[in-house]
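*Asks:* Take a look at this one; I'll ask things after.
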């Protein structure tokens, strides 16, 4: 049962529609095909159809704090079956971005932390130092799981698949990458 206060319907839908991938949210006819097609629907707080209905009703807090978009597998079963040609996967990605932008993710939703860590690391280094990035992720989310990952990590290290030392980009390519990332952020990305 949804008990929160309804916010400005048009404001929230306009915000979603302005995000890349959210443009077609108003085309949804609430047929439920996306939810019936979703292999993860039973794990979601709200099915994709319900989440879109909540968004269209202006239920910003419920939508952005939901786990639904974070459990989207990007399998596109919903997309190939949608009678209106909507790409619900894109809507889910747009909602992920809005959830992160407005700091509405729940602590148990770890995907948002990985996205943020990935984005911040690329912005800082111009690449992903895999060992450091994964260590930071496990320390932030589940330090005990980091202990269970030591054996696979050692296997990756011994086969040269995970270098210990991160290599930064040269100054000119780093400047170009930062310009791209800044432009993406200005356009609504993270």
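*Asks:* Using alpha-carbon pairs under 8 Å, 6+ residues apart, how would you state the relative contact order of the range 9-101 in percent?
*Replies:* Answer for the range 9-101 is 37 percent.
*Asks:* Roughly what angle does helix 111-125 make with the longest principal axis of the chain, taking Cα atoms, 0 to 90 degrees, to the nearest 10?
*Replies:* Orientation of helix 111-125: about 50 degrees from the principal axis.
*Asks:* Output the 0 to 90 degree angle, nearest 10, between the alpha-carbon long axis of helix 88-101 and the longest principal axis computed from the alpha carbons of the chain.
*Replies:* Helix 88-101 sits at roughly 70 degrees to that axis.
*Asks:* Turning to a different aspect of this structure: Return a whole-number percent for the relative contact order of the chain, with Cα pairs under 8 Å and 6 or more residues apart as the contact set.
*Replies:* Value for the chain: 19 percent.
*Asks:* Counting only helical runs of four or more DSSP H residues, what would the 222 nm mean residue ellipticity of the chain come to if each run contributes -39,500 (n - 2.57) and the total is spread over all its residues?
*Replies:* -16000 deg cm²/dmol
*Asks:* Something else now. Provide the packing ranking of 56-69, 118-131, 172-185, i.e. peptides ordered by the mean count of other C-beta atoms within 10 Å per residue, highest first.
*Replies:* Put in order of decreasing packing, that is 56-69, 118-131, 172-185.
*Asks:* If you project the alpha carbons of the range 9-101 onto their three principal axes, what span does each projection cover, largest first, in Å?
*Replies:* The principal-axis extents, from largest down, are 29, 25, 20 Å.
*Asks:* Based on the mean of other beta carbon atoms within 10 Å per residue, what is the order of 134-144, 85-95, most packed first?
*Replies:* 85-95, 134-144
*Asks:* To continue, here is another question. Relative to the longest principal axis of the chain, what angle (0 to 90°, nearest 10) does the C-alpha long axis of helix 130-141 take?
*Replies:* Computed tilt is about 50 degrees.
*Asks:* For the peptides 34-44, 74-84, what is the packing order when you average, over each peptide's residues, the other Cβ atoms within 10 Å and list the highest mean first?
*Replies:* Ranked from most to least packed, the peptides come out as 34-44, 74-84.
*Asks:* Also: Based on the alpha carbon coordinates of the range 111-185, what radius of gyration and maximum Cα-Cα distance (Dmax) apply, in Å?
*Replies:* 14.1, 40
Laboratory data are not the source of any read-out in this text; all were calculated from the coordinates shown. Computed from a predicted structure; not experimentally measured. Positions of Cβ are backbone-derived with ideal geometry, glycine not excepted, and every protein chain shown enters the neighbour counts.
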